[in-house]
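Just so it is clear, none of the values below were taken in a lab; they were calculated from the coordinates. Quantities reported herein were computed from a predicted structural model and do not represent experimental measurements. Cβ sites come from the backbone with ideal geometry, for glycine too, and all protein chains shown count toward neighbours.
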Amino acid sequence: VPELPDVEGFRRVLAEHAAGRRVTSVVVHDAGVLRGTSPRALSDALRGRRLEKPGRHGKWLVAPADGPVLMLHFGMTGALTWHRPGDPADRFDRIDFHFDTGELRFADMRKLQGVRLAADDHEVAEVLADLGPDALEVGEQAFADLLARRRGRLKSVLTDQSVLAGLGNLLADEVTWQGRLNPFRPAAELSDAERRRLFVALRRTLRDSVRAGRVPTTGGWLTGVRDEPGAGCPRCGTPLVRRRLSGRGTVWCPHCQPERVSPGR
Ligand SMILES: [Zn+2]
């Protein structure tokens, strides 16, 4: 599932191969990924336009095109890849953006989200209006304030895009494990020291994940072992525990991430 690091990877693909180049044509194979636009409108708006430096907010990739702005959301299964002309197509390719040097392909099996076209920056701001600050950009004080104001459990708060934009299921479990905090604790109950620890874990986890283009699965990360039956905590060896929370599998270490915290911890 694409989370912040994956989308940052797609942003880099676009920046490296397509930024500064003109769109020569847009081929929509499946209009089911279009949101609020049509194949004709998308093509008319982008053809002949030069893509500029792309940005990202949470899980949204925002690609200005010298006027209109292309906005991509990858849902559960989306991806953006660069191909040379004539590279074999994939059955889940939904839109090809052609340039004279090659093409960007937006693929998405499940089509839960997709592609929007904003007329200008004002419309971009409207689409992003309900999102909290980007998880990679948020400062320590703002992060602490966000947690303190929320009633929910820690993991639910971390994955709520209106609180903090960019974290999904894997990253939220990884960050709480790295920060040694139980994902079911009420977010507002964390001490100052715990909030600080969580913030440090968030920064480190995101930076390493962005560098890897995904949440790393090697080198002692929870993500590397979470799907193994009977897996132990990479830090202490205690068997990991799993439970459903809001329909998603949550994994944690009962030793490193106790549900009840003794005073003075
Ligand atoms: Zn542990």
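Quick look at the values:
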read-out	value
Rounded tilt (10° steps) of 192-212 against the dominant C-alpha axis of the chain	40 degrees
Net charge, Pro54 excluded, C-beta distance under 9 Å - Lys, Arg +1, Asp, Glu -1	+3
Two-site FRET efficiency, Thr238 against Thr217, from Cβ-Cβ distance with R₀ of 25 Å, rounded to 0.05	0.80
Translational diffusion of the range 88-202, µm² s⁻¹ [Kirkwood Rh, Cα pairs; Stokes-Einstein; 4 °C; 1.567 mPa s]	78 µm²/s
Residue of Arg180, Arg151, Arg11 that the Gaussian network model of the chain assigns the largest fluctuation, springs spanning Cα pairs under 10 Å	Arg151
By average C-beta atoms within 10 angstrom, highest first, the peptides 58-66, 156-164, 125-133	58-66, 156-164, 125-133
Rounded to 10°, Cα long-axis angle of helix 4-17 versus longest principal axis of the chain	30 degrees
Gyration tensor verdict on the range 1-40 (Cα atoms; rounded if a/c is under 1.5, prolate if a/b is larger than b/c, oblate otherwise)	oblate
Degrees between helix 169-178 axis and first principal axis of the chain (Cα, 0 to 90, nearest 10)	40 degrees
Average silhouette area of the range 158-265, convex hull of alpha-carbon atoms, in square nanometres	6.9 nm²
Net charge of neighbours whose Cβ lies under 10 Å from the Cβ of Arg105, counting Lys and Arg as +1 and Asp and Glu as -1	-4
